[in-house]
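Trainee: If you scroll down you'll find the structure; I have some questions about it.
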Amino acid sequence: MDFTIRKYRELIRSFVESGYRIVTVRQYLESSPSGKVLVLRHDVDEQPQNALKMAEAEKELAVCATYYFRRVSKSDHPNIIRKIAAMGHEIGYHYEDLTLSEGDMQAAVDSFSRNLEYFRQYYPVKTVCMHGSSSSKYDNREIWKQVRLEDYGLIGEPYLSFDFNRVYYLTDTGYAWDGGKFAVRDKVDSAFSLSFHTTDQVVAAVRNVQFPELSLILAHTLWTDGLPLWTFLHLREFFRNRIKLLSKNNKVVAALYNKLVKLYWK
C-alpha cells in the first residue's frame with residue numbers, strides 16, 4: 001500500500017537520514033538555506049484528521065512543514081489547526097477567493113482579506129498558496145494582478161516565489177507522484193526531467209543520492225493507514241483524474257464536473 005502514514009514516515013525519514021535540511025515555505029523564503037534542502041508543504045484540501053497524523057509523524061522526526069488550510073468545512077477545523085500550529089508547523093491560507101466569487105475581483109479581494117485575518121487567529125500567516133480549483137475557469141492567482149502580497153504583510157506564494165528551474169517540484173496530485181498529466185493548475189515550468197510513480201521510488205532515489213539537492217514536495221493530506229478510507233480515496237481519485245482529462249476538451253463534461261465539485265464542497 002502506498003500513500004499511507006506509515007509510508008509517509010518512511011519517506012521523511014529517508015530525507016532526514018540522507019542529510020537533508022527540511023524547512024517550511026516561510027523558512028526557505030526568509031533564509032534561502034544552502035546545501036541539501038527539502039521544502040515540505042501540505043495542501044489541506046480535506047481530511048484534516050490525516051493532516052494531524054502527518055504533522056505528528058513529522059514531529060516525531062523533528063521536522064516542520066507548511067500546512068495550507070482552505071476556508072471550507074472539509075478543511076477548516078480549528079482544533080486541528082491549533083494542534084498543528086502548536087507543534088511548530090507553519091500555517092498558511094489555501095486561497096480560492098476568485099473561484100468562489102465567480103470571477104468578481106473586488107469580492108475576491110475582500111474575501112481574501114477576511115479569510116487571511118481568520119487564519120491569523122491561529123498563526124502569524126506569512127505565506128499563502130492558491131487552491132487549484134480544477135473545475136473552475138478562474139485561476140485564483142489572478143488576484144495578484146489587482147493586489148500585492150506585500151499589501152497583506154505576506155512574503156511569498158509557492159507558485160509565484162520559487163524558481164522551479166532551480167527547485168525541483170514534486171507533487172502527489174492524483175494520488176501518484178507522476179500525476180501531472182491529470183493536473184490542471186498544480187504544475188510548474190521546470191528544467192528537471194525526473195519522474196517517479198511510487199513513494200518507494202522516491203525513497204530509493206534519495207538514499208542512492210539520485211534526488212536533487214534542492215526541492216519542494218507537495219504532499220496532500222489523503223495519506224491514511226485506514227483501509228476503507230484508503231480504498232475509497234484511491235477509487236475516487238482514479239475516476240476523478242479521468243473526468244479531469246475529459247473535461248479539458250469536452251464542455252459538457254466540464255460543466256457536469258463543475259456542478260459535482262460544487263455539491264461536494266458545500
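The values are calculated or read from the model by the stated rules, or taken from the named source; none is laboratory data. These numbers were taken from a predicted model, which means no experiment stands behind them. As a convention, Cβ positions derive from the backbone with ideal geometry for all residues, glycine included, and neighbour counts pool all protein chains shown. These accessible areas exclude ligands, DNA and RNA; they are computed on the full protein's heavy atoms, side chains included. Shrake-Rupley method; radii C 1.70, N 1.55, O 1.52, S 1.80 Å.
Trainee: If you take the residues in segment 235-249 that are modelled with pLDDT under 80 and open to solvent by less than 60 Å² (accessible area, probe 1.4 Å), which one is nearest to the chain's Cα centre (by Cα)?
Mentor: 244
Trainee: Would you check which residues across segment 28-52 are part of a helix (DSSP H, G or I), crowded, with 19+ Cβ neighbours inside 10 Å and not hydrophobic (A, V, I, L, M, F, W, C) and list them?
Mentor: 28, 48, 50
Trainee: Please identify the pairs in which a residue from segment 102-130 that is over 22 Å from residue 39 (Cα atoms) has its Cβ atom under 8 Å from the Cβ atom of a residue that is of a type in the set (Asp, Glu), counting only partners at least 6 apart or on another chain.
Mentor: 105/142; 107/97; 108/97; 109/97; 111/97; 112/97; 115/97
Trainee: While we're on this one: Would you check which residues across segment 205-221 are surrounded by fewer than 19 Cβ atoms within 10 Å (Cβ to Cβ) and not β-branched (Val, Ile, Thr) and list them?
Mentor: Result: 205, 207, 208, 210, 212, 213, 214.
Trainee: What is the one condition in (1) touching a Ser or Thr at 6+ places or on another chain (Cβ under 6 Å); (2) outside any helix (DSSP H, G or I); (3) open to solvent by less than 10 Å² (accessible area, probe 1.4 Å) that residue 2 does not satisfy?
Mentor: Just one mismatch for residue 2, condition (3).
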